[in-house]
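The values are calculated or read from the model by the stated rules, or taken from the named source; none is laboratory data. Treat the numbers as computed from the prediction; the structure is a model and nothing was measured. We place every Cβ from the backbone using ideal geometry, glycine too, and count neighbours over all the protein chains shown.
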Amino acid sequence: MPQIRAAITALGRYLPERVVTNADLEKRVATTDEWIRTRTGIRERRMVEPGTPTSVLAHKACQDLLERRGIGADEIDLIIVATVTPDMFFPATACLLQDKLGARRAWGFDISGACCGFVYAFTMGAQFIHTGAHKKVLVVGADVMSSIVDFEDRATCVLFGDAAGAVLLEPAGDDTGLIDFAHEVDGSGGEYLRMLGGGSLNPPSHETVDKRMHYLRQEGQHVFKYAVRKFAENSAAILEKNGFSGADLDLMVPHQANIRIIEAAQQRLGLPDSKVVKNIECYGNTTAATIPLALGTALDEGRLKKHDLVLMAAVGAGFTVGTALLRWSGVAWNH
Ligand SMILES: CC(C)(COP(=O)(O)OP(=O)(O)OC[C@H]1O[C@@H](n2cnc3c(N)ncnc32)[C@H](O)[C@@H]1OP(=O)(O)O)[C@@H](O)C(=O)NCCC(=O)NCCS
């Protein structure tokens, strides 16, 4: 048990204004609103104007957070940005964000954990609070998925959206905050969801562009089966390890990749609808932004009270698996 618990003391988010509905996508690829809704649970998603980078969304989410918390950016010690769509390979988006915010005292870095990126960044940031090294850590999940989605691939372009979310971690001062986490990687699943072009394996060339290698590719069924199994298994395991069952849980905050994955885990844990956050219908899968957005939805709906037992769970490209169990600390919130 850590000496100092890390608590979420503020939350911020940013959603691009442009709403892309299933009907809009029907005009671009051979799909239907009915297929998308029944297979994924998505009705619409937000997308930036082309050319808007991730750091702009991250900046807006952090400004929202700082305003709600009533502090200046110069109080931040560390910025961790989870993203698979950084503005560029380097400098890190965290550095670009530090400059935009004017967070003069902060250092920072990016992490690539795909759909688990936020949970990984959150637990990583918590370690700096636990050790006493830092007092204020900004953890950001931000992705512009529309920049790496192939709008000629109907199997993937309907799934994703753009957004940013951020939380502030501070010493809890009581028994709220992060209780435990359990993360896993199974790199043998890497081939089922990836972007092959642009890195050192396939540096950009006319050929990589002609072969559309700078877009994400997914073998949906493999990812789906793995996600269904791991969501439920790992959620049950972390609860049990800490002496809880599904009945003790006040709120599950799952990654939003497919409503059927969420509902399978919900069923396995025996959770009623009132204990599971679902906002995939409005935003789709926003990769690293998903979990902070889902926390925002829970706050909008008045479903988070101080001391609530909360479980964040995600599965993503890698394969990556992330779960974090916490007691909610309470944040200032008005929509
Ligand atoms: C992507 C996903 C929704 C596809 O659903 P699925 O039930 O597995 O569907 P399949 O891939 O088997 O495709 C079934 C059929 O629908 C078709 N199809 C795929 N996308 C379609 C679309 N947008 N509109 C209409 N038809 C579509 C396929 O071509 C296939 O047709 P066929 O049977 O004639 O070959 C689902 O696999 C999934 O959610 N996977 C996990 C996604 C995920 O979690 N990703 C991020 C990691 S966090």
Does Asp175 satisfy the condition of being in a loop (DSSP other than H, G, I, E, B) and of a type outside the set (A, V, I, L, M, F, W, C)? yes
How about the range 125-146: which of its residues are of a type in the set (Val, Ile, Thr), crowded, with 22+ Cβ neighbours inside 10 Å and outside any helix (DSSP H, G or I)? Val137, Val139, Val140, Val144
Residues (loosely packed, with under 14 Cβ neighbours inside 10 Å, touching a residue at least 24 places away in the same chain (Cβ under 8 Å), within 13 Å of the ligand (Cβ to nearest atom) and charged (D, E, K, R)) located in the range 16-40: Arg28
Show the residue pairs that are 6+ apart or on different chains and have beta-carbon atoms under 9 Å apart, the first residue being within the range 223-243 and closer than 11 Å to Arg268 by Cβ and of a type in the set (S, T, N, Q), the second being more than 16 Å from the ligand (Cβ to nearest atom) and at pLDDT below 95. Ser235/Gly246; Ser235/Arg268; Ser235/Leu269
Working carefully through the options Ala182, Ala164, find the one that is more than 12 Å from the ligand (Cβ to nearest atom) and either more than 27 Å from Glu240 (Cα to Cα) or among the hydroxyl-bearing types (Ser, Thr, Tyr) (or both). Ala164
In the range 271-296, residue surrounded by the most Cβ atoms within 10 Å (Cβ to Cβ) [restricted to those that are among the β-branched types (Val, Ile, Thr) and over 21 Å from Asn22 (Cα atoms)]: Ile291
Filtering the range 318-335 down to residues that are within 11 Å of the ligand (Cβ to nearest atom) and either farther than 25 Å from Met195 by Cβ or β-branched (Val, Ile, Thr) (or both) yields Thr320, Val321
Just need a number here: residues in the range 305-317 that are crowded, with 24+ Cβ neighbours inside 10 Å and either within 16 Å of the ligand (Cβ to nearest atom) or free of Cβ contacts under 8 Å to residues at least 60 places away in the same chain (or both). 5
Only one of these conditions is not met by Val149: (1) surrounded by 24 or more Cβ atoms within 10 Å (Cβ to Cβ); (2) among the β-branched types (Val, Ile, Thr); (3) in a loop (DSSP other than H, G, I, E, B). Which number is it? (1)
Checking the condition within 30 Å of Asp174 (Cβ to Cβ), touching a helix residue (DSSP H, G or I) at 6+ places or on another chain (Cβ under 8 Å) and surrounded by 17 or more Cβ atoms within 10 Å (Cβ to Cβ), which residue from Ala94, Ala73 passes? Ala73
Select from the range 218-229 the residues that are buried (at least 18 other Cβ atoms within 10 Å of the Cβ), more than 8 Å from the ligand (Cβ to nearest atom) and either of a type outside the set (Ser, Thr, Tyr) or over 21 Å from Gly322 (Cα atoms) (or both) and list them in ascending order. Val228
Just to check your reading of the model, which residue among Phe122, Phe118, Phe109 is under 12 Å from Thr83 (Cα atoms), of a type in the set (Phe, Trp, Tyr) and crowded, with 21+ Cβ neighbours inside 10 Å? Phe118
Which condition from (1) more than 12 Å from the ligand (Cβ to nearest atom); (2) within 23 Å of Met195 (Cβ to Cβ); (3) in contact with a Leu (Cβ under 7 Å, 6 or more places away or on another chain) is the one that Asn285 breaks? (1)
Would you please name the residue that is nearest to Ala155 (Cα to Cα), looking only at residues in the range 194-217 that are within 16 Å of the ligand (Cβ to nearest atom) and in a loop (DSSP other than H, G, I, E, B)? Leu216
Does Thr54 satisfy the criteria of being under 30 Å from Lys27 (Cβ atoms), in contact with a Pro (Cβ under 7 Å, 6 or more places away or on another chain) and not hydrophobic (A, V, I, L, M, F, W, C)? yes
Which listed residue, of Ala164, Ala182, is in contact with a Lys or Arg (Cβ under 9 Å, 6 or more places away or on another chain), surrounded by 16 or more Cβ atoms within 10 Å (Cβ to Cβ) and within 29 Å of Asp33 (Cβ to Cβ): Ala164
Anything in the range 101-121 that is closer than 19 Å to Val185 by Cβ and part of a strand (DSSP E or B)? List them, or say none. Phe109, Asp110, Ile111
Those residues of the range 40-57 which are under 23 Å from Ala264 (Cα atoms) and not charged (D, E, K, R), in sequence order: Thr40, Gly41, Ile42
